[in-house]
Every structure is written in structure tokens, then in C-alpha cells.
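S.K.: Before I ask anything, let me first share the structure, which is written out below as C-alpha cells.
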There are 2 protein chains.
Amino acid sequence: MNVLKVAATSNPKLVAGAIAASIRSDDSKVEIQAIGAGAVNQVAKSIAITNGYLAPTGIFINTTIAFDEVNIDGDTRTSIKFIVEKK
Amino acid sequence: MNVLKVAATSNPKLVAGAIAASIRSDDSKVEIQAIGAGAVNQVAKSIAITNGYLAPTGIFINTTIAFDEVNIDGDTRTSIKFIVEKK
């Protein structure tokens, strides 16, 4: 499964394009990682925008939200993992 | 459908309890509103925690994430709406 890492500075429209491309691919699902409130907010906006990219072609999406742990420079950080897949 | 309003100061465990109660109810779905990155982050954490409350009883959840507009003291603000329902 494709994994996208989103930061507080990520552009939600570009992230939405990447999510939509993954959903349209054979994989038809994608995982998005975010650490911190700013990044989580960008992911939420990106997923909201993705609906508008996919819905006109009859594709609707569901998201599963869960905690994850990510290793950054030897430190373990708690991240939020969004798994987006076709409804 | 039950609507929960979550703020940056909301306790994710308490919000998760309210989400789980709504999912277990006859309604079996709930809408959660958040304005701003801090609030959106608390909602994401709350939904992640809700998985742990419901999964042991064989209930799994999906989330739909979308934009919404909320009127606060006469001002229109863009909010993020999370609709959580049984898988």
C-alpha cells in the first residue's frame, strides 16, 4: 500500500491529488501519516478535497483513523494514520 | 443524527465515549464538528480511541471527512465534519 507523509506545510490540494491517484490505482487504498495537530489538520482537509476529485467519477471513500508509532532520528513519535479506501 | 462539537480543549477519551455510545445506539452513526487544527486533531485522536472501545464487541467504524460551514455569532466559519458510522 502506498504511504503518504503529510506535514503542517503540505498543500492539501496536492495531497488530495496523490490520494485520488492511489485510490484510482489497482491498489485502491492509501495510508497517510501525520504527526502533530497542523499535519493532522492538513490530512483532514486533503481527504475532504479528495471527495470532490473522486465523487464525479462515482468513486466514494471511507477513512479508518488509528494511532501509529513512527521512528524519527531514533525517537519514537506517536502519529495518526489515516487509511483511505473505496467505499 | 447526533452531532458532537469538539474543541481543541476537548478530552479525546470522553469524546470517544460519546462517539461509541452513538454508534451503539439505534442511530449507529454520529457527526462530529471541528473548527481549527487543534480541534481537528482532538477529533482524529478521539476516533482512533473509539476503535479500541468498539472493536472488542465486534463493531468497526468508517469515517467520512468533509467540509461544512458553521455560523458562529453571525460569522460563517469553515469547519471539518467527520461522519462516523458502522462498517
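S.K.: At 1.4 Å probe radius, can you tell me the per residue accessible area of the range A:1-47 in Å²? Before the final figure, lay out the partial values.
M.R.: On the way: 2070 Å² over 47 residues.
The answer is 44 Å² per residue.
S.K.: Is it possible to state the helix-based mean residue ellipticity at 222 nm for chain B, with each DSSP H run of 4+ residues giving -39500 (n - 2.57), the sum divided by total residues, to the nearest 500 deg cm²/dmol? What is it?
M.R.: -11500 deg cm²/dmol
S.K.: Here is a follow-up. So for the pair residue A:55, residue A:77, with labels modelled 7 Å out along Cα→Cβ, what separation do we get in nm?
M.R.: Inter-label distance under the simple model: 3.3 nm.
S.K.: Treating each Cα of the protein assembly as shown as an identical point scatterer and ignoring solvent, apply the Debye formula and state log10 I(q)/I(0) at q = 0.10, 0.20 Å⁻¹.
M.R.: Calculated log10 I(q)/I(0) at the listed q: -0.35, -1.43.
S.K.: Next up: For residue A:5, which sequence-distant residues (separation of 5 or more, or a different chain) have an amide H within less than 5 Å of its own amide H, given hydrogens modelled in the peptide plane?
M.R.: Answer set, sorted by chain and number: A:33.
S.K.: Let me ask another. Compute the label-point distances linking residue A:25 to its equivalents in the other copies; points lie 7 Å from Cα along Cα→Cβ; give nm, one decimal, shortest first.
M.R.: Going from nearest to farthest copy, the values are 4.1 nm.
S.K.: If DNA, RNA and ligands are ignored and the probe is 1.4 Å, what is the ranking of B:54, B:4 by accessible area, most exposed first?
M.R.: Details: B:54 0, B:4 35 Å².
Ranked from most to least accessible, the order is B:4, B:54.
S.K.: Order A:5, A:29, A:86, most accessible first, counting only protein heavy atoms with a 1.4 angstrom probe. It would help to have the intermediate numbers written out before the result.
M.R.: Working: A:5 160, A:29 70, A:86 100 Å².
The ranking, largest first, comes out as A:5, A:86, A:29.
S.K.: Leaving ligands, DNA and RNA out of it, report the carbon-plus-sulfur percent of the accessible area of chain B at a 1.4 Å probe. Walk me through the numbers on the way to the answer.
M.R.: Values: 2080 of 4240 Å².
Carbon plus sulfur share of accessible area: 49 percent.
S.K.: Something else about it: In degrees from 0 to 90, rounded to the nearest 10, what is the angle of the helix B:12-24 Cα long axis to the longest principal axis of chain B?
M.R.: Taking the Cα atoms of chain B, the angle to B:12-24 is about 60 degrees.
S.K.: As a test of the definition: which semi-axes, in Å, follow for chain A when you take the square root of five times each eigenvalue of its alpha carbon gyration tensor? Largest first, please. Present the calculation step by step, with values, prior to reporting the outcome.
M.R.: Numbers: eigenvalues 105, 35, 20 Å².
After scaling each eigenvalue by five and taking roots: 23, 13, 10 Å.
S.K.: Still on this structure: For the cross-link pairs A:81/B:81; A:13/B:86; A:5/A:45; A:13/B:29; A:86/B:13; A:13/B:13, which exceed 25 Å when the distance is taken from alpha carbon to alpha carbon?
M.R.: Working: A:81/B:81 18 Å; A:13/B:86 28 Å; A:5/A:45 14 Å; A:13/B:29 28 Å; A:86/B:13 28 Å; A:13/B:13 31 Å.
Where the Cα-Cα span goes over 25 Å, the pairs concerned are A:13/B:86; A:13/B:29; A:86/B:13; A:13/B:13.
S.K.: For residue A:1, which inter-copy label distances result when the label point lies 7 Å beyond Cα on the Cα-to-Cβ vector, reported in nm to one decimal and in ascending order?
M.R.: Computed spacing set for this position: 2.3 nm.
S.K.: At 1.4 Å probe size, with no ligands or nucleic acids counted, give the accessible surface of residue A:28 in Å², nearest ten.
M.R.: 30
S.K.: Another question about this same structure. Please get the size of the charge dipole for chain A, origin at its Cα centre, with Cβ charges of +1 on Lys and Arg and -1 on Asp and Glu, quoted in debye to the nearest 20. Show your work: numbers first, answer last.
M.R.: Numbers: 9 positive and 8 negative charges, 81 e Å.
Dipole of chain A, to the nearest 20 debye: 380 debye.
S.K.: Another question, then. Taking the label point as lying 7 angstrom from Cα along the Cα-to-Cβ axis, what are the distances from residue A:76 to the corresponding position in the remaining copies, in ascending order and in nanometres?
M.R.: 4.8
S.K.: Angle between the Cα long axis of helix A:37-54 and the longest principal axis of chain A, 0 to 90 degrees, nearest 10?
M.R.: Computed tilt is about 10 degrees.
The values are calculated or read from the model by the stated rules, or taken from the named source; none is laboratory data. Just so it is clear, the structure is predicted and the values come from calculations on it, not from any experiment. As a convention, Cβ positions derive from the backbone with ideal geometry for all residues, glycine included, and neighbour counts pool all protein chains shown. Accessible surface is based on the protein model in full, side chains and every heavy atom, while ligands, DNA and RNA are left aside. Shrake-Rupley method; radii C 1.70, N 1.55, O 1.52, S 1.80 Å.
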